[in-house]
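Q: To start, I am sharing the structure in question, which I have written as structure tokens.
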Amino acid sequence: MFGLEKPAGQQKPGRSGGLPKMASVGDFNVLSSSIPATKVELSVSCRNLLDRDTFSKSDPICVLYTQAIGNKEWREFGRTEVIDNTLNPDFVRKFIMDYFFEERENLRFDFYDVDSKSPNLSKHDFLGQMFCTLGEIVGSQGSRLEKPIVGIPGKKCGTVIVTAEELGCCRDSVLMQFCANKLDKKDFFGKSDPFLVFHRSNEDGSFTICHKTEVVKNTLNPVWQAFKISVRALCNGDYDRTIKVEVYDWDRDGSHDFIGEFTTSYRELSRGQSQFNVYEVINPKKKGKKKKYVNSGTVTLLSFLIETEVSFLDYIKGGTQINFTVAIDFTASNGNPSQPTSLHYMNPYQLNAYGMALRAVGEIIQDYDSDKMFPALGFGARLPPDGRVSHEFALNGNPQNPYCHGIDGVMEAYYRSLKSVQLYGPTNFAPVINHVARYAASVKDGSQYFVLLIITDGVISDMAQTKESIVNASKLPMSIIIVGVGPAEFDAMEELDGDVVRISSRGRFAERDIVQFVPFRDYIDRSGNHVLSMARLAKDVLAEIPEQFLSYMRVRGIKPSPAPPPYTPPIHVLQTQI
């Protein structure tokens, strides 16, 4: 994601750790290969660009830069083609980028009027630029972002329209079924016990296992069950890449006998059942030794069905909003906010742990919320004027309208609360979880999804009630992120996380895993580079959200809304005088 894309469109391979090559085939479990990133294609159009040419219109080009997380350095990612003589270009060359919901990818689009063949941009006239994040484009209605071009003081530089489209091959799965005829007999008593092993080829010519069928016992003419595999796992989206299929005879001791092999490709398989998809199984050793050797049997494709999986981006593009709520722990164990040892200490020079965690997570999620209005709650404090203890109070002091504008508004309300409330206790989570659950329960149609970020220093006081609240919330369109700050032991939080054992309350288990917990201390960078460490924190707490979101939609059978119609640039019709 952080690599440079070559202007000619060579893409770096996705993040695939890949499985090691199989020397022998062990016990049967369906191996799912690590899947590369989601890829999105960005299309760029401009309207009313500055005219820099005296006798004709500008000849624009768009140059895209991405920003390294650590040192904030801008690096060129790629360039569009040059379009001659227009102020309203629709660039044909696209930018293909890896997309991760949990990462903030800063982008900069620079526009130039090209005056010569020189690749050096300083030799051309600058027409302005636009800054945004990849999440901002994807999170806009219809994944279409329109923004003014800036950068030349005192001039109107026009507007840019960037549209994101998820690349289709990322999401297709295929349902395939195979049978075989007259396979070689390998067992002394009885016939063979055949199974198939599928491998996709890699760029370097090696092979990675991607699927194994079940064993069909005691037959030379097996019919295997249909199986489903993603196109990315099968061929990494490259329809002409070699797929190698090996046929084995299963043996109890694991020393499976090799019957033979054949190769194919996604493109060949996609022809479906036909004479093209009957493959001779060849054993190279036998072929080398026996002059009359024909084959070791045949394998036939019985059916091939393409299914497109709906993705997280389909819902976002269809208008589903992600509502972000933050809840901050105001219990006395945080320490007096006026003391430097306090977790709530307001250091004029840098953010405290609460502020850092809030910004790291909030700045990514805000791209998916169109109104950028976030409810901000506190718990465990005594409130003015009467000192009553509250576990669910509005940081902005307005219980009827706890919304703050943007992450900056939340930060401001947090600092204001620290000056007016008294830190107290105990540490109760259930009230803030139930607060968000009430909203989530009122919109179960898939148009909204709720993410609650709880930042806490401590040991939870209402464990039974919190478990009950989480089990109830697991039926609702919501996820909970808990960031633990400070030195406390967070064993109870690990239990809420539910990654090892699914959380339960009074005999009822959570319908889905909706809680993600991380201790803030695991992300503190000793060198003081908070930018990088907070990017890692955000990545880890947000990585599970798209899958949690999809699990809710799948269980409820909610399909994405159709995206708004694609943007078509207005065509200027010349009016002729009659």
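The values are calculated or read from the model by the stated rules, or taken from the named source; none is laboratory data. Not measured: the values here are computed from a predicted model. Cβ coordinates were reconstructed from backbone atoms using ideal geometry, including for glycine residues, and neighbour counts include every protein chain displayed. Note: accessible area is taken over every heavy atom of the protein model, side chains too, but ligands, DNA and RNA are not part of it. Shrake-Rupley method; radii C 1.70, N 1.55, O 1.52, S 1.80 Å.
Q: State the percentage of accessible surface on the chain attributable to carbon and sulfur atoms; use a 1.4 Å probe and exclude ligands, DNA and RNA.
A: Percent of accessible area from carbon and sulfur atoms in the chain: 52.
Q: Provide, as a two-decimal number, the C-alpha radius of gyration of segment 279-378 over 2.2 N^0.38 Å, N being how many residues it has. Mind dumping the intermediate values first?
A: On the way: Rg = 30.8 Å, N = 100, 2.2 N^0.38 = 12.7 Å.
Segment 279-378 yields a ratio of 2.43.
Q: Can you give me the C-alpha center-to-center distance between segment 96-110 and segment 397-434, rounded to a whole angstrom?
A: Each part's Cα centre sits 31 Å from the other's.
Q: Give, rounded to the nearest 20 debye, the magnitude of the charge dipole that the chain has about its Cα centre when Lys and Arg contribute +1 at Cβ and Asp and Glu contribute -1 at Cβ.
A: 1400
Q: Taking Rh as the Kirkwood radius, which is the inverse of the mean 1/r over Cα pairs, what is the Rg/Rh value for the chain?
A: Taking Rh as the inverse mean 1/r over Cα pairs, Rg/Rh reads 1.05.
Q: Could I ask something else about it? Distance between Cα centroids, segment 247-317 to segment 331-361: provide it in whole Å.
A: Here the answer is 60 Å between Cα centres.
Q: Compute the length gained on full extension between residue 55 and residue 540: take 0.36 nm times their separation in residues and subtract their Cα-Cα distance, giving the result in nm to one decimal.
A: 169.1 nm
Q: Still on this structure, I have one more. Holding the Cα-Cα limit at 29 Å, pick out from 212/559; 228/467; 217/559; 372/559 the pairs that are longer than that.
A: 212/559; 228/467; 217/559
Q: Additional query: Which order do the peptides 112-123, 263-274 take when ranked by the mean count of other beta-carbon atoms within 10 Å per residue, highest first? Please report the intermediate quantities before stating the final value.
A: On the way: 112-123: 12.3, 263-274: 14.8.
Result, highest mean Cβ count within 10 Å first: 263-274, 112-123.
Q: Where a ≥ b ≥ c are the square roots of the eigenvalues of the C-alpha gyration tensor, would you call segment 321-554 rounded, which needs a/c under 1.5, or, failing that, prolate if a/b is larger than b/c, or oblate?
A: Rounded, because the longest to shortest axis ratio a/c is under 1.5.
Q: Ok, one more. At 1.4 Å probe size, with every protein chain present, just tell me what the per residue accessible area of segment 36-165 comes to in Å².
A: 43
Q: For residue 286, which aspartates and glutamates qualify as cross-link partners when the Cα separation must be under 19 Å and same-chain residues fewer than eight apart are set aside?
A: Within reach: 184, 187, 246, 249, 257, 261.
Q: Now for a separate question. Rounded to the nearest Å, what's the spacing between the alpha carbon centres of segment 111-152 and segment 436-467? Just the number, please.
A: Segment 111-152 and segment 436-467 have Cα centres spaced 40 Å from each other.
Q: Further question: Using only DSSP helix segments of four residues or longer, with each worth -39500 (n - 2.57), what per-residue ellipticity at 222 nm results for the chain after dividing by its residue count and rounding to 500?
A: -5500 deg cm²/dmol
Q: Dipole of the chain (Lys/Arg Cβ +1, Asp/Glu Cβ -1, origin at the Cα centre): which of 357, 74, 297 lies farthest to the positive side?
A: Going by the charge dipole, the pick is 297.
Q: Would you work out which of 515, 405, 546 lies farthest towards the positive end of the dipole of segment 321-554? Charges go on Cβ: Lys and Arg +1, Asp and Glu -1.
A: Farthest towards the positive pole: 405.
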